[in-house]
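Before any comments, here is the structure.
No lab work stands behind these numbers, since they all come straight from the coordinates. Every value quoted in this text rests on a predicted model; they were computed, and no experiment measured them. Using ideal geometry, Cβ is built from the backbone for each residue, glycine included, and neighbour counts are taken over all protein chains shown.
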Amino acid sequence: MKKAMILLAGYPATGKTFLCSRILKRHSEFIVVSQDEMKEKLWDRFGFENIEEKTRLEDQSWELYYETLEELMSGEHSVISDYPFSEKQKGRLESLSLTYGYQVLTIRLTGDIDVLYERSKSRDLEPSRHLAHLVTRYHEGDVLEDRTKADALVTYEIFKDRCLNKGYDRFQLGSLIELDVTDYEKVDYEAVLDRVDEIIDRD
């Protein structure tokens, strides 16, 4: 198999992490690089008092993300990463793939925005969701029993604007598989995995 980078892209709340776990069951050689995890660790380590400090830590997480990717790719490890990628990240990712001779596959997940917003809202309210995503002030150990009181919850208007105007549904690097995940029950994940196999195993 060639050195490969799989990018799980598209709208938020489309099950990228779930699909990642399914791919890893077939391709355990892939290493997960998660910008979200890096961001959450920085939030825990340093905390933030306002949205400006929160944003600075997020910017730091992106530099760490690209550094980690470069380190792994220079060592010829296959990598998989999930995020609502856009043109903002495309240049750096494309540069890395060309520098290190990587085959790239984008799996772009989309769906009905109203349905996805309800999923996103439910996810944000779950205790397993890192609290720092939902607030403008955070330090490790903070607890908010009623998450509906969080001051940085994503409204429907913000969610819709991001989906329609940030280019999540147009991002592509390398080969493309596109999935509509409005109804998870209708997604043939085995067929998707077979298609992934075909693309990353071909010469």
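Miscellaneous remarks
- On Cα atoms only, tilt of 189-201 relative to the major axis of the chain in degrees: 50 degrees
- Rounded to the nearest 20 debye, the dipole magnitude of the range 4-201 is 200 debye, with +1 charges on Lys and Arg beta carbons, -1 on Asp and Glu beta carbons, and the Cα centre as origin.
- Under Karplus coefficients 6.51, -1.76 and 1.60, residue-wise ³J(HN,Hα) of the range 75-90 in Hz, glycine/proline x: x, 6, 8, 6, 10, 9, 8, 10, 5, x, 5, 9, 4, 4, 9, 4
- Dipole of the range 39-123 [Lys/Arg +1, Asp/Glu -1 at C-beta], most positive-end residue of 95, 111, 46: 111
- Charge tally for residue 172 (other residues, Cβ to Cβ under 13 Å; Lys, Arg +1; Asp, Glu -1): -1.
- Computed from the C-beta positions of residue 77 and residue 98 and an R0 of 22 Å, the FRET efficiency is 0.85 to the nearest 0.05.
- Farthest positive-ward along the chain dipole, Cα basis, beta-carbon charges - from 122, 143, 65: 65
- Ordered by the number of other Cβ atoms lying within 10 Å of each residue's own Cβ, fewest first, 142, 169 fall into the sequence 142, 169.
- Filter on 2/39; 54/149; 149/186; 41/186 - keep pairs with C-alpha separation over 23 Å: 2/39; 149/186; 41/186
- Considering only 23, 158, 80, the mean-square fluctuation computed in a Gaussian network model of the chain, springs between alpha carbons under 10 angstrom, is largest for 158.
- As a rough footprinting exposure proxy, the listed residues 145, 190, 118 were ranked by other beta carbons within 10 Å of their own, and the order from fewest upward is 145, 190, 118.
- Within a Gaussian network of the chain (alpha carbon springs, distance under 10 Å), most fluctuating of 75, 174, 141: 141
- At R0 = 25 Å, FRET efficiency that the Cβ-Cβ distance of residue 155 and residue 126 yields, to 0.05: 0.85
- Between 100, 65, 83, the residue with the greatest mean-square fluctuation in the GNM of the chain (Cα pairs under 10 Å linked by springs) is 100.
- Only beta bridges with both residues in the chain are counted; by DSSP, about 5 percent of them are antiparallel.
- Among 17, 106, the order by Cβ neighbours within 10 angstrom, fewest to most, reads 17, 106.
- Modelled FRET efficiency - R0 22 Å, residue 197 with residue 170, Cβ distances, 0.05 increments: 0.30
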